[in-house]
Structure formats: structure tokens, C-alpha cells
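In what follows, a single structure is set out as C-alpha cells and then discussed.
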Amino acid sequence: MWNIEEIKKDVKENLSDYRYNHSLRVMEEASSLAKHYHASESEILKCELCGLTHDLCKELSPLENEKIIKEYNLPKELLLKENKNIVHGFIASVIVKEKYNFTDNMVLAIRYHTTGYPNMDLLGKIVYLADKIEKGKNYPGIIEERSLAYKNIDEAIILCLNNQIKNLKEKNKTINPKAYETLRYLQEES
Ligand SMILES: [Fe+2]
């Protein structure tokens with residue numbers, strides 16, 4: 001079993017400084033959210049590890065992506081242009097399982113860190129949010145997202161998803177159906 005320092009070293013070797021620093025900030029944000037929501041020690045560690053590794057495969061070439069998708073029997077649709085923003089989560093999710101022996105809920109949190117997923121657990125919620133609100137991010141709406149993240153985690157995800165969808169629409173980009181599914185699930189829950 002790898003420890004967090006070894007995983008940090010491995011993540012650093014696989015990413016640019018820019019993205020490695022983002023990963024460290026997501027790890028810190030995930031840790032403080034987990035503590036804020038009274039997660040257990042082992043859950044806090046899982047949040048930190050997922051924050052640290054969620055973008056592990058974001059800098060792979062299209063050819064490397066294709067190779068992993070075939071090797072691990074991931075959906076071929078991931079190669080389509082409209083899935084460009086979600087493919088790195090799927091790929092990282094199979095790699096972290098094989099490489100670091102991450103648990104199934106860690107795999108899910110990483111796989112869906114860009115959209116969330118219906119029935120997501122606290123770990124999935126924290127990884128999704130930490131990626132959006134880590135201290136290096138600065139975009140319209142983030143102040144409200146940050147403060148809501150520490151007040152009502154579900155409401156914060158709803159706000160982030162709505163902002164994300166609005167932003168993609170404005171740029172004429174495709175919205176992944178999973179984002180709508182997550183939104184519907186959380187709205188029905190709250
Ligand atoms: Fe990220």
C-alpha cells in the first residue's frame with residue numbers, strides 16, 4: 001500500500017507544476033471540507049488522496065487515452081469530442097485502483113469529479129467541490145460557492161452545477177448528461 005508522500009511524488013512526476021500545484025490545493029481544500037463535516041480520520045485521508053490524484057491523467061495524450069480506454073474496456077464514447085472534459089476522470093479512476101489500490105468509493109469520486117453523480121457520498125461531494133473552490137481558483141460566482149460549501153454542501157453543489165451549466169451554455173459547449181442527473185438527484189433530495 002502506498003503512503004500519501006509516495007503518491008505525492010508519483011503525482012508530481014506525472015503532471016506539470018501548474019497542475020500539480022492545483023492538485024495540492026484540492027487536497028488541502030478536500031481535507032478542510034472533510035474536517036468541517038466531521039468525517040472520520042480514514043474518510044479525511046480518503047478525501048485528501050482523491051483530491052491529490054483526481055487529475056492524475058489529465059495530461060495524457062489522446063493516443064495514451066485511447067490505449068487505456070481499450071485496455072480497461074471503458075466506454076468508447078469517451079473518445080468523442082463532447083466527452084473531452086470528462087475522459088480524464090474515467091481514466092484516472094481505473095489507474096488509481098490498479099496503481100494505489102484505492103477503494104470503490106474513491107474510484108467513483110475520481111471518475112465523476114467533473115459532474116458529480118446521483119447518490120454521491122460525502123467523499124464524492126467533497127472531491128467535486130474542492131476541485132471547484134480550491135484557493136487558486138478565481139471566476140465569477142466563486143465567493144458565493146466557497147461560502148456555501150461550508151454551510152450546506154448539497155446546496156453548494158447545486159449552485160456549482162448550475163453555474164457550470166450556464167457557463168458551458170454561454171460557450172456553446174456540450175453539457176454532460178451526468179451533470180443534469182446529479183442536479184436532479186440533489187434537488188429532489190433537498
Ligand atoms: Fe482538478
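The values are calculated or read from the model by the stated rules, or taken from the named source; none is laboratory data. Nothing here was measured: the structure is a model prediction, and the numbers come from that model. Quick reminder, even Gly has a Cβ in these numbers, built from the backbone with ideal geometry, and neighbours come from all protein chains shown.
Numbers below:
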read-out: Search result, residues across region 97-125 that are within 14 Å of the ligand (Cβ to nearest atom), in contact (Cβ under 8 Å) with a residue 40 or more places away in the chain and assigned to a helix (DSSP H, G or I); value: Ala109, Ile110
read-out: Conditions (1) surrounded by fewer than 17 Cβ atoms within 10 Å (Cβ to Cβ); (2) farther than 21 Å from Arg184 by Cα; (3) modelled with pLDDT of 95 or more; number of the one not met by Leu74; value: (1)
read-out: Evaluation of Lys67 against (1) outside any loop (DSSP other than H, G, I, E, B); (2) without any contact (Cβ under 8 Å) to a residue 60 or more places away in the chain; (3) in contact with a helix residue (DSSP H, G or I) (Cβ under 9 Å, 6 or more places away or on another chain) (one fails), failing number; value: (3)
read-out: Residues being out of contact with any Gly (no Cβ under 8 Å at 6 or more places or on another chain) and closer than 22 Å to Arg25 by Cα - total across region 159-190; value: 2
read-out: Positions within region 48-63 being part of a loop (DSSP other than H, G, I, E, B) and away from the ligand (no atom under 12 Å from the Cβ), in sequence order; value: Leu60, Ser61
read-out: Condition check for Lys125: modelled with pLDDT of 95 or more, under 19 Å from Glu188 (Cα atoms) and basic (Lys, Arg); value: yes
read-out: Among (1) within 16 Å of the ligand (Cβ to nearest atom); (2) surrounded by fewer than 18 Cβ atoms within 10 Å (Cβ to Cβ); (3) not polar (S, T, N, Q) - the single one Lys8 does not satisfy; value: (2)
read-out: Region 126-170, subset within 15 Å of Leu52 (Cα to Cα) and surrounded by fewer than 15 Cβ atoms within 10 Å (Cβ to Cβ), residue farthest from the ligand (Cβ to nearest atom); value: Lys135
read-out: Complete set of residues in region 130-151 that are farther than 16 Å from Val26 by Cα and aliphatic (A, V, I, L, M); value: Ile143, Leu148
read-out: Residue match in region 17-26 (condition: acidic (Asp, Glu) and part of a helix (DSSP H, G or I)); value: yes
read-out: Residue match in region 134-142 (condition: part of a helix (DSSP H, G or I) and of a type outside the set (Val, Ile, Thr)); value: no
read-out: Ser32 vs. criteria at pLDDT 95 or above, more than 16 Å from the ligand (Cβ to nearest atom), in a helix (DSSP H, G or I) and among the hydroxyl-bearing types (Ser, Thr, Tyr); value: yes
